[in-house]
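Comments concern the structure below.
The values are calculated or read from the model by the stated rules, or taken from the named source; none is laboratory data. Source: prediction; values computed, not measured. Reconstructed Cβ throughout: ideal geometry from the backbone, glycine too, with neighbour counts over all protein chains shown.
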Amino acid sequence: MSKSTVGKVLNLFYSTSDGRISANELAIDERGVVKDKFYNKNIQRSVLIASLASYDLAKRHGIDATHGVLGENMLIDYNPYHLKPGARLMIGEAVLEISQLCTLCASLGKADSKLPRLLKDDRGIFARVVSGVSIKKGDIIYLLNE
């Protein structure tokens, strides 16, 4: 199996009942992001990855969205939205497998009413954790090729 460098982790977040928390490191396992309120809820949707391209798209349409508002666990400088389910990313020591494109949710409209329609196909992508202990800000992202 080969790997190619595609980007790096810019920011990390997890959700609690009190709101979104920015972190320098996320503990992960096969059930998801350990401190996240969605931990062990749906392993196919364990980690939400958003690209900086989503925020750039919003900005081009006059929306200045704060990082994390898309609900992502991980903000990266690579756009993975073209990846098909089953594609794998190695991030630090972790391996994540793309499972599906992110669906829209009503909470996006709280940030700006135009966001849900604008980011219909560009909000993020879900992945399941194949292996790993943690992901850190600044970790390099590799696309694994079989």
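What are the residues in segment 1-32 that are of a type in the set (K, R) and under 19 Å from L143 (Cα atoms), if any?
Hits for segment 1-32 are K3, K8.
Determine, yes or no, whether Y14 is in a strand (DSSP E or B), out of contact with any His (no Cβ under 7 Å at 6 or more places or on another chain), surrounded by 15 or more Cβ atoms within 10 Å (Cβ to Cβ) and among the aromatic types (F, W, Y).
For Y14, the condition - in a strand (DSSP E or B), out of contact with any His (no Cβ under 7 Å at 6 or more places or on another chain), surrounded by 15 or more Cβ atoms within 10 Å (Cβ to Cβ) and among the aromatic types (F, W, Y) - is met.
Filter segment 87-146 down to residues that are surrounded by fewer than 16 Cβ atoms within 10 Å (Cβ to Cβ) and among the hydroxyl-bearing types (S, T, Y) and give me whichever is nearest to G19 (Cα to Cα).
Selected residue: S107.
Within segment 93-113, is there a residue that is part of a loop (DSSP other than H, G, I, E, B), over 15 Å from the mean Cα position of the chain (by Cα), modelled with pLDDT under 95 and within 17 Å of I135 (Cα to Cα)?
Yes; the residues of segment 93-113 include at least one that is part of a loop (DSSP other than H, G, I, E, B), over 15 Å from the mean Cα position of the chain (by Cα), modelled with pLDDT under 95 and within 17 Å of I135 (Cα to Cα).
Take S4 and decide whether it is in contact (Cβ under 8 Å) with a residue 60 or more places away in the chain and loosely packed, with under 15 Cβ neighbours inside 10 Å.
yes
How many residues are among the charged types (D, E, K, R), assigned to a strand (DSSP E or B), out of contact with any Lys or Arg (no Cβ under 6 Å at 6 or more places or on another chain) and over 15 Å from L70 (Cα atoms) when one looks only at segment 17-57?
Residues flagged as among the charged types (D, E, K, R), assigned to a strand (DSSP E or B), out of contact with any Lys or Arg (no Cβ under 6 Å at 6 or more places or on another chain) and over 15 Å from L70 (Cα atoms) within segment 17-57 amount to 1.
Taking the condition of being in contact with a Gly (Cβ under 7 Å, 6 or more places away or on another chain) and of a type in the set (A, V, I, L, M), how many residues in segment 60-97 meet it?
Summing the residues that are in contact with a Gly (Cβ under 7 Å, 6 or more places away or on another chain) and of a type in the set (A, V, I, L, M) in segment 60-97 gives 4.
Conditions first: (1) over 29 Å from N145 (Cβ atoms); (2) surrounded by fewer than 19 Cβ atoms within 10 Å (Cβ to Cβ); (3) in contact (Cβ under 8 Å) with a residue 40 or more places away in the chain. K59 passes all but one, so which condition is the exception?
Every listed condition holds for K59 apart from (3).
For segment 63-79, which residues satisfy the criterion of being under 15 Å from R45 (Cβ atoms) and in a loop (DSSP other than H, G, I, E, B)?
L70, G71, E72, N73
This table checks each residue for (1) surrounded by 15 or more Cβ atoms within 10 Å (Cβ to Cβ); (2) touching a Gly at 6+ places or on another chain (Cβ under 9 Å).
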| residue | (1), (2) |
| --- | --- |
| A23 | yes, no |
| V34 | no, no |
| Y39 | yes, yes |
| S51 | yes, yes |
